[in-house]
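Here the structure comes first, spelled out in structure tokens, and everything after it is commentary.
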Amino acid sequence: MTTTPRYALSQDLFDRAASVIPGGIYGSKSPGFSVPGRFPYYFTEGSGCRIKDADGHEYIDYLCGFGSMILGFGNPIVDDPAIEQLRKGDLLNQPGPAMVELAERLTALIDGMDWAVFAKNGTDATTLAVSLSRVHTGKPYVLMAQGAYHGSANWCSSNAYPVLRDKDEVRLFPYGDVAALQALFDELRGQVAAVILTPYHHATWAPQQMPPAGWHEAVRRLCDEESAFFIMDDIRANFRLNLHGSHRAMGAKPDFVCMGKSLANGYPIGALMGTEELKKTASNFFITGTFWTSTVPYVASLACLNEMERLDVVSHVQAMGARLKQGLIKAGMEAGYNISCTGPDAIPFMTFDDDADMWHNQEFSAQMATRGVYLHPHHNWFLSYAHKESDIDETLEKAAESFQEVKKAFQGEF
Amino acid sequence: MLALSFLDVYHPGAMVNQKTLTAETVARVRSGVVAALSVAVAESDKASFEKIPKGRYSVVLAGPKGLQRYLNFHHGRVQERENKGLGSVILRFPSFQDMATKLGGGSGTLIPIPLSPSFLKAAQAFQTLSSRGGELCARREFSTEEEQRQTLDMLMTAALRGVAETAMIDSWTAAKSASMSHGIVQVQTQNGSVQGWLKRDGKVFSSGRGAAPAPANARLCFSDESVGLGVFTGTLPALKALGRGHVSIRGRVPMIQALFPLLDRFGQIMAWNKES
């Protein structure tokens, strides 16, 4: 069994954590989600596209705070005004002016959206969208794609026990399958409040799947026929496909757009946006959270939006992602592997063909981690504005070495 | 007659959610575990094998609602089979409560029903194997590496069978079980000295000792026998061992992640004691 003293301090911390925190580290950040024993569990700092783990090792990072750090860690354009606001006060009983400014900015920026409410995490936004859909339509059912991730709330997460009824009125369909979605609408005639989708399918533990031709149009048509809402969960892809919303990049016309992650370059804020039709329902719905009006994230978000627009971040992350994808495919081929890099260029994920169970991914990612590159074995990756060509090229050099190590590890097995 | 009080070694002190467990669930899981252990003891414990009376006979553990575990003995070779008849002796438990508590080492009514002249041999063989299974699982002092290996083998056999049964019948964890993808999880020590597997095929979960019957989709691996023993007896926190890399999970990891709540549930089932 391969374990390594390289991560001794991470492991010590986890050992302590396991005594006092259920699971030690929970959810998608738990060691079991990476390659336990061969991955760092704790990080201490980040700068640009590089992060440092608790043992002091530096990594070129391709997880970007699960997508949030679109401009890179420690970006002064975002951090300086945020820190200034922090010194003046963050949670100030009532919202600050930045909340209004951000709502105005977003309604002007995001295609088809007329209002915005703010929360902390993506789960807040998706759950609110589902609730508002049900209240507005008076119908209970929500349809979502199998394997899709819309947050950690019980209605959409893997939490499933007989006493939790949150999933009772949530039904699943295979992503991209119009006939299956139509069949669900037929079966639940008059009962469907909403369909919730991501701009493309980024299920964990699997290659990413772009929408088939006509998919979003078909969803829109079915929703219209059944007077159901179309919720676009743009949280993960947020601002990496199009600054005006991923739905513009995908030609989709949703009624709600859920945002978070890269909205404020790592500051905790999520947003739900909607069309004029839904505004009254939203205003009559009790929406709050003690920290949802904290001012710092709003200030950070405004700075982040301005900077993303000024720098044309979308073009940059797509170009860097394309360079990474092409280089990985080439390096893989040179090592004798057929690999697939799926998803948009800015949000790629690599899998080894003929290895649906991801044994190779795990070894490859562990090897890359040893070499100072953080590539998640099971979750899609992210590019940021801080990734430059030199970072990609350094990554590819290490990938070439890692592919050779993967070959050695699986000699005779596959 | 039965000496399976070892079954509470899993997660000792685990809080049992009585409201979500029924005697039927406990009886079904425990009887499956007893059957699997009996077979494993016959296969791996020479002394027990030699004590088994020669000849052909069978034992049926029978509970309400058609619950039966059928063990077939053929000159010392023991197989668990789908029910193929009445057997040489039926060990009938009038209620799930009786079955659950008796198979957990507590009190409960058990009515032996002899059906052929070989019934005494059958009862003796079952007594030998089930008692030995209990002893091997409860053993914590080891004179040799082989003893340690053997105990881990028994515990792993019991746990995997218990998880398979739990996955098929426990309504509390049904959604968790349903979420596990089809395929095989191999569970083993790093050097392969002890191996077992759990397979899901449709609604059927099965388990076995040794190498998996087909290439595994996921592998749960203990760095050595002591780690495996620690995890199965609850003396080594599995989470910490995972963090240290002494327990590794590879391949289709969600299958193993789906296994964990079932293992915990199995621990609850083993610790269940309606009398307390």
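The values are calculated or read from the model by the stated rules, or taken from the named source; none is laboratory data. Predicted model only: the values in this text are computed from it and were never measured. Cβ coordinates were reconstructed from backbone atoms using ideal geometry, including for glycine residues, and neighbour counts include every protein chain displayed. Protein only, heavy atoms only, side chains kept; ligands, DNA and RNA dropped before computing areas. Shrake-Rupley method; radii C 1.70, N 1.55, O 1.52, S 1.80 Å.
For segment B:180-199, a residue qualifies if it is open to solvent by 30 Å² or more (accessible area, probe 1.4 Å) and out of contact with any strand residue (DSSP E or B) (no Cβ under 9 Å at 6 or more places or on another chain), and the qualifying residues are B:N191, B:S193. Taking the conditions exactly as written (under 28 Å from A:E309 (Cβ atoms), outside the structural domain of A:H387 (by TED's automatic domain parsing) and open to solvent by 40 Å² or more (accessible area, probe 1.4 Å)), does A:E169 satisfy them or not? When the stated conditions are applied, A:E169 does not pass them. If the condition is being touching a Ser or Thr at 6+ places or on another chain (Cβ under 9 Å) and not in a loop (DSSP other than H, G, I, E, B), then segment A:265-280 contributes A:G270, A:A271, A:L272, A:M273, A:G274, A:L278. Checked against the criterion of being touching a Leu at 6+ places or on another chain (Cβ under 8 Å), open to solvent by less than 30 Å² (accessible area, probe 1.4 Å), at pLDDT 95 or above and more than 9 Å from chain A (Cβ to nearest Cβ), segment B:168-179 contains not a single residue that satisfies it. Within segment A:272-315, no residue satisfies the criterion of being of a type in the set (G, A, S), crowded, with 24+ Cβ neighbours inside 10 Å and in contact with a Gly (Cβ under 7 Å, 6 or more places away or on another chain).
For segment A:14-40, a residue qualifies if it is open to solvent by less than 20 Å² (accessible area, probe 1.4 Å), at the interface with chain B (Cβ under 7 Å from one of its Cβ atoms) and in a loop (DSSP other than H, G, I, E, B), and the qualifying residues are A:G24, A:P36, A:G37. The set of residues in segment B:235-276 that are within 14 Å of chain A (Cβ to nearest Cβ), open to solvent by 10 Å² or more (accessible area, probe 1.4 Å) and part of a loop (DSSP other than H, G, I, E, B) comprises B:L236, B:P237, B:H246, B:R252. Does segment A:385-408 contain at least one residue that is surrounded by fewer than 22 Cβ atoms within 10 Å (Cβ to Cβ), part of a loop (DSSP other than H, G, I, E, B), at pLDDT below 95 and among the charged types (D, E, K, R)? No, because not a single residue in segment A:385-408 is surrounded by fewer than 22 Cβ atoms within 10 Å (Cβ to Cβ), part of a loop (DSSP other than H, G, I, E, B), at pLDDT below 95 and among the charged types (D, E, K, R). Residues of segment A:361-378 that are open to solvent by less than 10 Å² (accessible area, probe 1.4 Å) and part of a helix (DSSP H, G or I): A:N361, A:Q362, A:F364, A:S365, A:A366, A:M368, A:A369. The one condition from (1) open to solvent by less than 10 Å² (accessible area, probe 1.4 Å); (2) modelled with pLDDT of 95 or more that B:G76 does not meet is (2). The single condition among (1) part of a strand (DSSP E or B); (2) surrounded by fewer than 20 Cβ atoms within 10 Å (Cβ to Cβ) that B:P215 does not satisfy is (1).
For segment A:174-183, a residue qualifies if it is open to solvent by less than 30 Å² (accessible area, probe 1.4 Å) and under 16 Å from A:A228 (Cα atoms), and exactly one does: A:L181.
Taking the stated definitions as given, is A:Y200 more than 13 Å from every other protein chain (Cβ to nearest Cβ), farther than 16 Å from A:K253 by Cα and of a type in the set (F, W, Y)? No; evaluated as a whole, the condition is false for this residue. Among the candidates A:A119, A:A129, the residue that is open to solvent by less than 40 Å² (accessible area, probe 1.4 Å), within 18 Å of A:M273 (Cβ to Cβ) and touching a helix residue (DSSP H, G or I) at 6+ places or on another chain (Cβ under 8 Å) is uniquely A:A119.
Any residue in segment B:172-190 that is closer than 17 Å to B:Q148 by Cα, without any contact (Cβ under 8 Å) to a residue 12 or more places away in the chain and β-branched (V, I, T)?
No, that holds for no residue.
Tell me, yes or no, whether segment A:145-165 has at least one residue that is under 21 Å from A:D255 (Cβ atoms) and part of a helix (DSSP H, G or I). No, there is no match, as no residue in segment A:145-165 is under 21 Å from A:D255 (Cβ atoms) and part of a helix (DSSP H, G or I). Quick check, is A:L86 at negative phi and in a helix (DSSP H, G or I)? Taking the combined requirement at face value, the residue satisfies it.
Taking B:S38 as the residue in question, decide whether it is open to solvent by less than 30 Å² (accessible area, probe 1.4 Å), at pLDDT below 95, of a type outside the set (D, E, K, R) and closer than 24 Å to B:W197 by Cβ.
Against the criterion (open to solvent by less than 30 Å² (accessible area, probe 1.4 Å), at pLDDT below 95, of a type outside the set (D, E, K, R) and closer than 24 Å to B:W197 by Cβ), B:S38 does not qualify.
In segment A:49-69 there is no residue matching the filter, namely being open to solvent by less than 50 Å² (accessible area, probe 1.4 Å), within 10 Å of another protein chain (Cβ to nearest Cβ), farther than 20 Å from A:P268 by Cα and in contact (Cβ under 8 Å) with a residue 12 or more places away in the chain. Scanning segment B:213-234 for residues that are of a type in the set (A, V, I, L, M) and away from chain A (no Cβ under 13 Å) returns B:L229, B:V231. Among the residues of segment A:231-252, are any out of contact with any Pro (no Cβ under 9 Å at 6 or more places or on another chain) and closer than 30 Å to B:A174 by Cα? Within segment A:231-252 (the criterion being out of contact with any Pro (no Cβ under 9 Å at 6 or more places or on another chain) and closer than 30 Å to B:A174 by Cα), the answer is no, since none of the residues qualifies. Among the criteria (1) within 13 Å of chain A (Cβ to nearest Cβ); (2) over 26 Å from A:S34 (Cβ atoms); (3) surrounded by fewer than 20 Cβ atoms within 10 Å (Cβ to Cβ); (4) not basic (K, R), the one B:V204 does not fulfil is (1).
Taken over segment A:294-349, the criterion of being closer than 20 Å to A:M259 by Cβ and of a type in the set (D, E, K, R) is satisfied by A:E307, A:E309, A:R310, A:D312.
Taken over segment A:321-360, the residue count meeting the criterion of being in a helix (DSSP H, G or I) and surrounded by 17 or more Cβ atoms within 10 Å (Cβ to Cβ) is 11. Consider segment A:88-112 and keep the residues that are of a type in the set (V, I, T) and touching a residue at least 12 places away in the same chain (Cβ under 8 Å). The one that is nearest to A:G289 (Cα to Cα) is A:T107.
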